[in-house]
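Structure record follows, encoded as structure tokens.
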Amino acid sequence: MSYADEAARIATAVAGLPVRVRKWVPDARDPRRRFAGWEPAQVAGPAAEGDSLAWGIEYSDGREASVQWPDVMFSAETFQEAVSRLTSSTA
């Protein structure tokens with residue numbers, strides 16, 4: 001299985017789980033961006049563009065986006081559910 005296939009399998013397994021997504025805002029003093037908290041969302045599945053380092057996300061207000069894995073955080077309970085889903089999908 002390729003890396004991209006494995007990434008899509010993981011995103012599909014955790015689809016529908018609630019997460020928090022790191023919110024970034026522009027910063028005039030920094031050419032990059034500034035962390036501005038977390039936004040509630042849920043995993044929608046693999047990223048639409050086929051980016052194996054991102055997941056498709058649907059925010060609580062209905063917006064959809066592709067978000068890289070490091071910007072997604074599971075609660076402890078949701079993380080346990082994700083582990084359970086991944087374990088059962090590989091059994």
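The values are calculated or read from the model by the stated rules, or taken from the named source; none is laboratory data. What you are looking at is a predicted structure, and each value in this text was computed from that prediction instead of being measured. Every residue, glycine among them, receives a Cβ derived from its backbone with ideal geometry; neighbour counts consider all protein chains shown. Heads up: the accessible areas ignore ligands, DNA and RNA and are worked out on the full protein's heavy atoms, side chains in. Shrake-Rupley method; radii C 1.70, N 1.55, O 1.52, S 1.80 Å.
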| request: Find all pairs meeting these conditions: Cβ atoms under 6 angstrom apart; at least six residues apart or on different chains; first residue within segment 50-74 and more than 14 Å from A15 (Cβ to Cβ); second residue open to solvent by 70 Å² or more (accessible area, probe 1.4 Å) and polar (S, T, N, Q). | output: L53/Q68
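A quick yes/no check of all residues on (1) within 14 Å of T12 (Cα to Cα); (2) open to solvent by less than 80 Å² (accessible area, probe 1.4 Å); (3) modelled with pLDDT of 90 or more:
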site: D30; (1), (2), (3): no, yes, no
site: W38; (1), (2), (3): no, no, yes
site: A44; (1), (2), (3): yes, yes, yes
site: T78; (1), (2), (3): no, yes, yes
site: S89; (1), (2), (3): yes, yes, no
| request: Give the residue that is farthest from S88 (Cα to Cα), with candidates limited to residues of segment 1-22 that are of a type in the set (D, E, K, R) and touching a helix residue (DSSP H, G or I) at 6+ places or on another chain (Cβ under 9 Å). | output: R22
| remark: Going through segment 3-28 in order, the residues found to be outside any strand (DSSP E or B), open to solvent by 70 Å² or more (accessible area, probe 1.4 Å) and at pLDDT 85 or above are T12
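Sort out which residues of segment 29-45 are assigned to a strand (DSSP E or B) and more than 22 Å from S75 (Cβ to Cβ), and write them in order of number. Talk me through it step by step, then tell me what you get.
The initial filter retains those residues of segment 29-45 that are assigned to a strand (DSSP E or B), namely 30-45.
Within segment 29-45, D30, P31, R32, R33, R34 qualify.
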